[in-house]
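The values are calculated or read from the model by the stated rules, or taken from the named source; none is laboratory data. None of the values given here were measured: they were computed from a predicted structure. Don't worry about glycine lacking a Cβ; one is built from the backbone with ideal geometry, like all the others, and counts go over all protein chains shown.
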Amino acid sequence: MTTKSAIPWKMESQRSYFAKALIELGERDADVVVVGGDTTESVKTLEFGKKFPDRLFNVGISEQNMVSIAAGLAAAGKIAFASTYAVFGIAHTYNVIRQNIAYTKLPVKLFCSHTGISVGPDGATHQLNEDIGLMRGLPNMTVLVPADGPQTAKCVHAAAAWKGPVYCRFSRANFPTVTSLEDPFTIGPTYAMRDGSDVTLAACGVMVSRCLQAADELDGMGVSARVLNVPTVKPMDTAMILKAARETGALVTAEEHTVVHGLGSAIAAAITKDYPVPVEIVGIEDVFGESGEAFELMDKYGLTAANVVEAARRAMKRRGRKVGH
Amino acid sequence: MVEVSDAKIRQLEEKARLLRRHILKMTHQVQSGHPGGSMSACDIVTALYFHVLRVDPENPMWPDRDRFVISKGHACPVLYAALAERGFFPVSELMTFRRINSRLQGHPEYGTTPGVENAAGAEGQGLSFSVGLGLAARLDRKAWRVYCLLGDGEQDVGQTWEAALAGAKYHLDNLTAIIDRNGIQQEGRTEEIMPLEPLADKWRAFGWNVLTINGHDMRQIIEEIDEAHAHKGQPSVIIAKTTKGKGVSFMENVVRYHGAATSDEELQRALAELDEEVP
């Protein structure tokens, strides 16, 4: 655990780590198969397909088909990945995922890129800000939101070994690499990235790096902020969250996702039940996005380190009115 | 092709009548469920479970078994009846259909009911699932085959045609789709709700080997399934012309029996009709 974040970070592609990990997996296990939907070059499953041509099935623009085919492959014992843009693979296919994967508990691995507003110039039709909520609402579904490239690679390997359905979301944009391939990773735990005692910043995806930045800024104001990386949004490591609530007394959650039903809601629900302290949720408000560059959009829609700092100050202020121990 | 004796055909026809009686009793005891589409598919399902499919009731998850995927999930009474009579679970359990704490859900649940190969209920997903199974069998160089039972109402669903495209792309000759073409969906005649004809031409244009049969002629069902096996390089679809509610005179071709159980009095009349035919 570092006490200071190592800014500036390397900016890297989660998709590249995803592709490389899939190939490693494919080399190790002949049962690994991938189903794609006319986006195989973009999400980089084509690299797997070049290596193992008979194990990549590109079924065109038919994502419902893609999901059910992956389920059929899994039912026959294959380690089946299905991968495309989240708006197609998750939003367009919800009831197919529900019936063929979540209800059946078939161990399909849905790995979708192009999540969140950082999709950028393609605009609102392509920016899925609702996927964490959609997937965490499904019984039996495990939901992973890796912080960066190395953690995406870890998710590929962990998901392959996982017995049930998995959804993993990652980004189109290159984002700061804040973890390393040497760091431990399993499905379940929340990882402390930085210790602190005044407030906790709990984040997933790209917002982990934003929270590390925010912690630096808060440090300059004399505030000691703990940073938690929550790559497993479901099932949530509530023990680690509650420990942070007890020890710091105020929480900020941060995600590149709607505030309506994502990480923040999950954490707030856990906190409310067992140890209510002020929780401030940083995310995209209940609106659609628009075209723009990834980082412009993240600024405009409230996903900056400054937004996290402001939320931390609000949470700490509210702590004065917090219900007791 | 192995010649099937007349005695064997008669035995299968008798089995189908037994399954029809189960369907009526199962839906009657709970006063819900879908008898009409279960009875239209009954002869097809009987042929599969009592003649065609290589399955082992003692070992339902036997890796080399043939797979029967029921895409028209609402017709699960016929599947449950066949599985019970085939020995996958006790026949007495059929009377728990749709009741609380039962393994026999209103629409099929995967992983709970021995012998059930897929979850279905939301229409139009089963053929894609079957394509996935067929691809897996081929990757593993296994001889097991996949049979998928579709309703004609499911021909309205876009995903059915997505699966049709994929089956043709991958030349899945280990996959046989069977369409229970009874001509009636929940709210009326298929040709009024959403016209499907010329259905065979559509499937042919999608690259499938198309066979058209009388779905209540046991010998024809068996022979045409054999014919589909023999066809290489393409998946096959058997369009089985059937009658909704087949086997009970007052239920045949009546839209209402898509999703309505019989009354006490109707059940007795229906059973009498089916029993009378038992030699």
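Determine whether residue A:314 is at pLDDT below 95 and among the charged types (D, E, K, R).
For residue A:314, the condition - at pLDDT below 95 and among the charged types (D, E, K, R) - is not met.
Failed condition for residue A:101, given (1) out of contact with any Pro (no Cβ under 6 Å at 6 or more places or on another chain); (2) more than 30 Å from residue A:194 (Cβ to Cβ), with all others met?
With respect to (1) out of contact with any Pro (no Cβ under 6 Å at 6 or more places or on another chain); (2) more than 30 Å from residue A:194 (Cβ to Cβ), residue A:101 is out only on (1).
For residues that are at positive phi and not basic (Lys, Arg), scanning just segment A:24-66, find the one that is farthest from the other protein chains (Cβ to nearest Cβ).
It comes out as A:38.
Listed residues B:232, B:241; which is closer than 30 Å to residue B:169 by Cα and out of contact with any Lys or Arg (no Cβ under 6 Å at 6 or more places or on another chain)?
B:232
Let's see how each residue does on (1) modelled with pLDDT of 95 or more; (2) on the phi > 0 side of the Ramachandran plot; (3) of a type outside the set (Ser, Thr, Tyr):
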| residue | (1), (2), (3) |
| --- | --- |
| A:116 | yes, yes, yes |
| A:139 | yes, no, yes |
| A:147 | yes, no, yes |
| A:171 | yes, no, no |
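Does segment B:138-154 hold any residues that are surrounded by fewer than 24 Cβ atoms within 10 Å (Cβ to Cβ) and either at the interface with another protein chain (Cβ under 10 Å from one of its Cβ atoms) or part of a loop (DSSP other than H, G, I, E, B) (or both), and which are they?
Once the filter is applied, which keeps residues that are surrounded by fewer than 24 Cβ atoms within 10 Å (Cβ to Cβ) and either at the interface with another protein chain (Cβ under 10 Å from one of its Cβ atoms) or part of a loop (DSSP other than H, G, I, E, B) (or both), segment B:138-154 yields B:138, B:139, B:140, B:141, B:142, B:143, B:144, B:145.
Taking only segment A:121-133 into account, find how many residues are within 20 Å of residue A:92 (Cβ to Cβ) and touching a residue at least 60 places away in the same chain (Cβ under 8 Å).
9
Determine which single condition residue A:216 fails, assuming it passes every other condition in (1) in contact (Cβ under 8 Å) with a residue 40 or more places away in the chain; (2) part of a loop (DSSP other than H, G, I, E, B); (3) surrounded by fewer than 24 Cβ atoms within 10 Å (Cβ to Cβ).
Going through (1) in contact (Cβ under 8 Å) with a residue 40 or more places away in the chain; (2) part of a loop (DSSP other than H, G, I, E, B); (3) surrounded by fewer than 24 Cβ atoms within 10 Å (Cβ to Cβ) one by one, residue A:216 breaks only (2).
Could you grab me the full set of residues in segment A:67-90 that are away from every other protein chain (no Cβ under 14 Å), aliphatic (A, V, I, L, M) and under 14 Å from residue A:111 (Cβ atoms)?
Correct list: A:86, A:90.
To keep it simple, each residue is scored yes or no on (1) surrounded by 17 or more Cβ atoms within 10 Å (Cβ to Cβ); (2) among the small types (Gly, Ala, Ser).
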residue	(1), (2)
B:12	yes, no
B:15	yes, no
B:25	yes, no
B:31	no, no
B:37	yes, yes
B:42	yes, no
B:57	no, no
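Check whether at least one residue in segment A:77-87 is surrounded by fewer than 23 Cβ atoms within 10 Å (Cβ to Cβ), in the same structural domain as residue A:148 (by TED's automatic domain parsing), without any contact (Cβ under 8 Å) to a residue 24 or more places away in the chain and in a strand (DSSP E or B), and report yes or no.
For segment A:77-87, residues surrounded by fewer than 23 Cβ atoms within 10 Å (Cβ to Cβ), in the same structural domain as residue A:148 (by TED's automatic domain parsing), without any contact (Cβ under 8 Å) to a residue 24 or more places away in the chain and in a strand (DSSP E or B): absent.
Using the structure shown, decide if residue B:259 is under 20 Å from residue B:131 (Cα atoms) and not polar (S, T, N, Q).
no
Could you grab the pairs with beta carbons closer than 9 Å, sequence gap of 6+ or different chains, first residue in segment A:226-245 and free of Cβ contacts under 8 Å to residues at least 40 places away in the same chain, second one of a type in the set (Phe, Trp, Tyr)?
Listed by first residue and then by second, the contacts come to A:228/A:191; A:242/A:275.
From the list A:264, A:283, A:292, A:302, which residue is in contact with a His (Cβ under 6 Å, 6 or more places away or on another chain) and within 24 Å of residue A:131 (Cα to Cα)?
Of A:264, A:283, A:292, A:302, the one residue that is in contact with a His (Cβ under 6 Å, 6 or more places away or on another chain) and within 24 Å of residue A:131 (Cα to Cα) is A:283.
Applying the selection to segment A:59-77, what residues are within 21 Å of residue A:32 (Cβ to Cβ) and within 25 Å of the chain's Cα centre (by Cα)?
A:63, A:65, A:66, A:67, A:68, A:69, A:70, A:71, A:74
Quick test for you: out of A:255, A:247, A:293, A:310, pick the one residue that is crowded, with 24+ Cβ neighbours inside 10 Å and either within 16 Å of residue A:228 (Cα to Cα) or not assigned by TED's automatic domain parsing to the domain that holds residue A:114 (or both).
Every option except A:255 fails the conditions.
Yes or no: residue A:49 farther than 23 Å from residue B:165 by Cα and assigned by TED's automatic domain parsing to the domain that holds residue A:77?
no
Within segment A:94-105, can you find the residues that are under 21 Å from the mean Cα position of the chain (by Cα), at the interface with chain B (Cβ under 10 Å from one of its Cβ atoms) and buried (at least 24 other Cβ atoms within 10 Å of the Cβ)?
Answer for segment A:94-105, where residues must be under 21 Å from the mean Cα position of the chain (by Cα), at the interface with chain B (Cβ under 10 Å from one of its Cβ atoms) and buried (at least 24 other Cβ atoms within 10 Å of the Cβ): just A:101.
Could you say whether any residue in segment B:237-247 is buried (at least 22 other Cβ atoms within 10 Å of the Cβ) and on the phi > 0 side of the Ramachandran plot?
There is at least one residue in segment B:237-247 that is buried (at least 22 other Cβ atoms within 10 Å of the Cβ) and on the phi > 0 side of the Ramachandran plot.
Kindly indicate whether any position in segment A:110-120 is away from chain B (no Cβ under 14 Å), in contact with a Gly (Cβ under 7 Å, 6 or more places away or on another chain), touching a residue at least 60 places away in the same chain (Cβ under 8 Å) and of a type in the set (S, T, N, Q).
No; the residues of segment A:110-120 include none that is away from chain B (no Cβ under 14 Å), in contact with a Gly (Cβ under 7 Å, 6 or more places away or on another chain), touching a residue at least 60 places away in the same chain (Cβ under 8 Å) and of a type in the set (S, T, N, Q).
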